[in-house]
1. If you take the residues in region 122-136 that are among the small types (Gly, Ala, Ser) and in a loop (DSSP other than H, G, I, E, B), which one is nearest to Thr2 (Cα to Cα)?
2. Can you tell which of Ala48, Ala92 is small (Gly, Ala, Ser), in contact with an Asp or Glu (Cβ under 6 Å, 6 or more places away or on another chain) and without any contact (Cβ under 8 Å) to a residue 40 or more places away in the chain?
3. Collect the residues in region 103-136 that are of a type in the set (Asp, Glu) and closer than 18 Å to Ser50 by Cβ, keeping them in residue-number order.
4. Within region 9-17, is even one residue acidic (Asp, Glu), in contact (Cβ under 8 Å) with a residue 60 or more places away in the chain and either surrounded by 14 or more Cβ atoms within 10 Å (Cβ to Cβ) or part of a helix (DSSP H, G or I) (or both)?
Amino acid sequence: MTWETDDVKLVPIHELLPHEETKTKNQQKLHQMTIKWGGYNKPLLVDANSKVILDGHHRFRIGEKLGLKYLPAILIDYLVDERIQVMTWPNAKPESITKEEVIQMGLSNDLFPPKTSKHVFFGDLPPIFYSIENLS
């Protein structure tokens, strides 16, 4: 099953909860590209129940930096949706991770190191475009 453009919702940025840190260099490069594009061309993937970010931490941090009020996201029931699985990146600490641990970390005041969780989706995120102005 593939997600469609209609599945993308604008979520208030203050509701979103990261579960891992970002890499500064990657964030800087994506920030420059977001400014060049004038907006977002890929939605975040977020747990609908907890609002924990599953995919899109760098896009979230850029939204914070730009002072955006909303971010485009697809909301899923992460703990039961079989279209998304979680594993760790090679050489990550911890060496394994569960969906429950991702949610728990997002709800805590702590974060996993960058590139700890690797989410694999069974489906594609739809191409989108939301201008910075429409998200402000």
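1. Gly123
2. Going through Ala48, Ala92 in turn, just one is small (Gly, Ala, Ser), in contact with an Asp or Glu (Cβ under 6 Å, 6 or more places away or on another chain) and without any contact (Cβ under 8 Å) to a residue 40 or more places away in the chain: Ala48.
3. Asp110
4. Within region 9-17 (the criterion being acidic (Asp, Glu), in contact (Cβ under 8 Å) with a residue 60 or more places away in the chain and either surrounded by 14 or more Cβ atoms within 10 Å (Cβ to Cβ) or part of a helix (DSSP H, G or I) (or both)), the answer is no, since none of the residues qualifies.
Per-residue answers, yes or no, for (1) farther than 13 Å from Leu54 by Cβ; (2) crowded, with 17+ Cβ neighbours inside 10 Å:
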site: Tyr78; (1), (2): no, yes
site: Ile84; (1), (2): no, yes
site: Thr88; (1), (2): yes, no
site: Asn91; (1), (2): yes, no
site: Glu101; (1), (2): no, no
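Taken together, the values in this text are just the output of simple stated rules run on the coordinates, not laboratory data. Quick caveat, the model's predicted, so the values are computed rather than measured. Reconstructed Cβ throughout: ideal geometry from the backbone, glycine too, with neighbour counts over all protein chains shown.
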